[in-house]
Amino acid sequence: MLLTFAIFRLSGFVMELESFEIPLWQWLVTAGWLAYMVWAEGYKGFHRAFAPRVVVRASYLAANPRPLHVLLAPLFCMGYIYATRKRQIVSIALSCMVICFILAVRMLPQPWRGIIDVGVIAGLAVGVASIVYYLLQLKQAGAASLPVAADVPA
């Protein structure tokens with residue numbers, strides 16, 4: 001739900017691009033950025049790492065519910081709580097990096113903000129699709145079929 005909310009929130013800035021005369025070179029930049037973000041954020045970030053881990057950790061939480069972990073399920077699934085020290089550090093570092101990126105992009109004027117958001121929306125959409133894909137894979141073959149560990153403390 002968090003990713004889908006971000007997609008809808010950012011789509012307004014992309015829709016504003018209709019009111020700009022965008023030269024061909026900026027459309028080429030947009031196409032290149034879009035391709036890069038689908039590959040880097042969507043495939044490498046979400047599909048290969050974040051989405052399977054979120055699904056595996058959600059599955060672990062369903063099998064081992066603790067009241068506090070259930071209450072804080074989004075934080076649990078993203079690896080902020082009840083995770084190995086390495087997983088917590090990586091999760092926090094990535095979140096800080098994303099927040100810095102968001103703050104920087106907010107300062108960009110249009111059409112550049114819309115151009116950046118085109119790629120971000122595409123990457124997030126791949127992320128949502130990846131979570132659904134791994135959820136379906138989990139239902140069919142079980143958690144052992146997913147390519148990541150739950151990263152919970154021993």
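Any read-out appearing in this document is the output of simple, stated calculations on the displayed coordinates, not a laboratory observation. All of these numbers come straight from a predicted model, not from anything done at the bench. Because the Cβ atoms are built from the backbone with ideal geometry, glycine has one as well, and the counts that use them run over all protein chains shown.
Please go through region 15-119 and write out the chymotrypsin sites (Phe, Trp or Tyr not before Pro) that DSSP classes as loop and that have at most 15 other C-beta atoms within 10 Å.
Of the chymotrypsin sites (Phe, Trp or Tyr not before Pro), the ones in loops of region 15-119 whose Cβ has at most 15 other Cβ atoms within 10 Å are PHE20, TYR80.
If each of VAL105 and TYR80 carries a label point 7 Å out from its Cα toward its Cβ, how far apart are those two points in nm?
Going by the 7 Å Cα→Cβ label model, 1.9 nm.
So between ALA125 and TRP112, what do we pick up on full extension, going 0.36 nm a residue minus the alpha carbon distance?
Additional length available on full extension: 2.7 nm.
Within a 10 angstrom radius of the beta carbon, how do MET97, MET1, MET37 rank from fewest other beta carbons to most?
MET1, MET97, MET37
Nearest 10 degrees, 0 to 90: what angle lies between the long axis of helix 2-15 and the longest principal axis of the chain (Cα atoms)?
That works out to roughly 0 degrees.
Taking the simple approach of a point 7 Å from Cα along Cα-to-Cβ for both MET97 and ASN64, what is their distance in nm?
2.7
Note the listed values (i) 23, 17, 13; (ii) 21, 17, 16; (iii) 33, 16, 13, then indicate which one is semi-axes √(5λ) of the Cα gyration tensor in Å calculated from this particular structure.
(iii)
Helix-only estimate, please: 222 nm mean residue ellipticity of the chain, summing -39500 (n - 2.57) across DSSP H runs of length 4 or more and dividing by its residues, to the nearest 500.
-22000 deg cm²/dmol
Using a 7 Å offset from the Cα along the Cα-to-Cβ direction at both LEU71 and GLU21, what is the distance between the two label points in nm, to one decimal?
According to this spin-label approximation, the distance is 5.9 nm.
Can you tell me the relative contact order of the chain? Whole percent, Cα pairs under 8 Å, sequence separation 6 or more.
Once divided by the residue count of the chain, the mean separation gives 46 percent.
Net charge within 15 Å of ARG106 by Cβ-Cβ distance, Lys/Arg positive one each and Asp/Glu negative one each, not counting ARG106 itself?
Spelling it out: positives minus negatives among the neighbours equals 0.
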